[in-house]
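The structure appears right after this line, and notes come after that.
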Amino acid sequence: MRVTVVVPTYNERDNLPVAVERLTALPVPDLHVLVVDDNSPDGTGEVADKLAVDLPNVVSVLHRTEKDGLGRAYIAGITRALDEGADVVIQMDADLSHPAEVIPAMLEELRRPAVGVVLGSRYVPGGSTASEWKWYRKALSAWANFYVNAILRLGIKDATAGFKAWQADTLRAIDIESIRSNGYSFQVEMNYRTKKQGIGIAEVPIRFEERTLGASKMSLAVQLESALMPWKLLLGRSL
């Protein structure tokens, strides 16, 4: 089983080598790391290229010429992973907020019948958010999940989760290349399409860590899109 971890990057030159080290230490045969760099001005792309030279059978790099959102970067990376024969594709941020050591448990859960995607979840028993988060950030995250589920009835605890393991067939079934949403609403749309196809979504607990290096990419535009996306999906509006 070929497992490809897609890691989008923008100004993550210090975090990326640590993320790759954690991934390559996992007891997962045939694991590959695809770095999708959006022309980072801090030289992350060059760091990724060096990792690919040092680990030629494990790390590869997809260079994009512009930064046009997390969703677009993931779609580019997932499409490349599928074209290269991945059986499982994992979404993972480069900022070290997602615990790589949970991946074996996610892959085990993905073997269950009818499960097409496994979420690394902050809101199932055993999961948690970073202790460094202020109360209002925890409240905002909890509210976002309540808001999405109230509108779309997804029935999952962490609807905005970005740490996911996908069966390749599920990604093809939801027509990943046709998704137009961006930012964090991209995660919601992928979950919604999966549910609409009648494909099972499972969740395993993770502790979501706060980034220690670099800056958050969250913007007002991303937040606005995320607020509008559930209504667009529900009403079938053009995305």
*asked:* Rounded to the nearest 20 debye, what is the charge dipole size of the chain about its Cα centre when +1 sits on each Lys and Arg Cβ and -1 on each Asp and Glu Cβ?
replied: 1100 debye
_Residue among 147, 71, 114 farthest towards the positive dipole end of the stretch 70-168, charges placed on Cβ_ = 147
_Taking 28 Å as the cut-off for C-alpha to C-alpha distance, list the pairs among 67/196; 138/195; 134/195; 67/164; 157/232 that go past it._
67/196; 134/195
*asked:* Through the Karplus equation 6.51 cos²θ - 1.76 cosθ + 1.60, θ set to phi - 60°, convert the phi angles of the stretch 145-157 into ³J(HN,Hα) values in whole Hz; use x for Gly and Pro.
replied: 5, 4, 4, 5, 5, 5, 7, 9, 6, 6, x, 10, 6
_Carbon/sulfur fraction of accessible area - the stretch 108-185, other protein chains in place, 1.4 Å, %_ = 55 percent
_Among 102, 178, 233, which residue has its Cα furthest toward the positive end of the charge dipole of the chain, with +1 on Lys/Arg Cβ and -1 on Asp/Glu Cβ?_
233
*Relative contact order for the stretch 1-95: what is it in percent, counting Cα pairs under 8 Å that are at least 6 residues apart?*
44 percent
*Given the options 145, 57, 182, state which has the largest fluctuation in a GNM of the chain using a 10 Å cut-off (strictly under) for Cα springs.*
57
*Hey, rough spin-label estimate for residue 124 and residue 2, points 7 angstrom out along Cα→Cβ, what's it come to in nanometres?*
2.8 nm
*Given Cα pairs under 8 Å that are at least 6 residues apart, what percent is the relative contact order of the chain?*
23 percent
*asked:* With a 1.4 Å probe and all protein chains left in place, how much accessible area per residue does the chain have, in Å²?
replied: 47 Å²
*Can you list the residues, at least 5 places off or on another chain, whose amide H is less than 5 Å from the amide H of residue 59, using H built in the peptide plane?*
33
*Compare the Cα positions of 191, 53, 86 along the charge dipole of the chain (+1 at Cβ of Lys, Arg; -1 at Cβ of Asp, Glu; about the Cα centre) and return the one farthest towards the positive end.*
191
*Magnitude of the Cβ-charge dipole of the stretch 47-178, K/R +1 and D/E -1, about the Cα centre, nearest 20 debye?*
600 debye
_Dipole moment magnitude, nearest 20 debye, the stretch 33-124 about Cα centre, only Lys, Arg, Asp, Glu C-beta charged_ = 340 debye
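The values are calculated or read from the model by the stated rules, or taken from the named source; none is laboratory data. This one's a predicted model, so the numbers in the text were calculated from it and none came from an experiment. Here the Cβ is made from the backbone with ideal geometry for all residues, glycine too, and neighbour counts use every protein chain on show. Note: accessible area is taken over every heavy atom of the protein model, side chains too, but ligands, DNA and RNA are not part of it. Shrake-Rupley method; radii C 1.70, N 1.55, O 1.52, S 1.80 Å.
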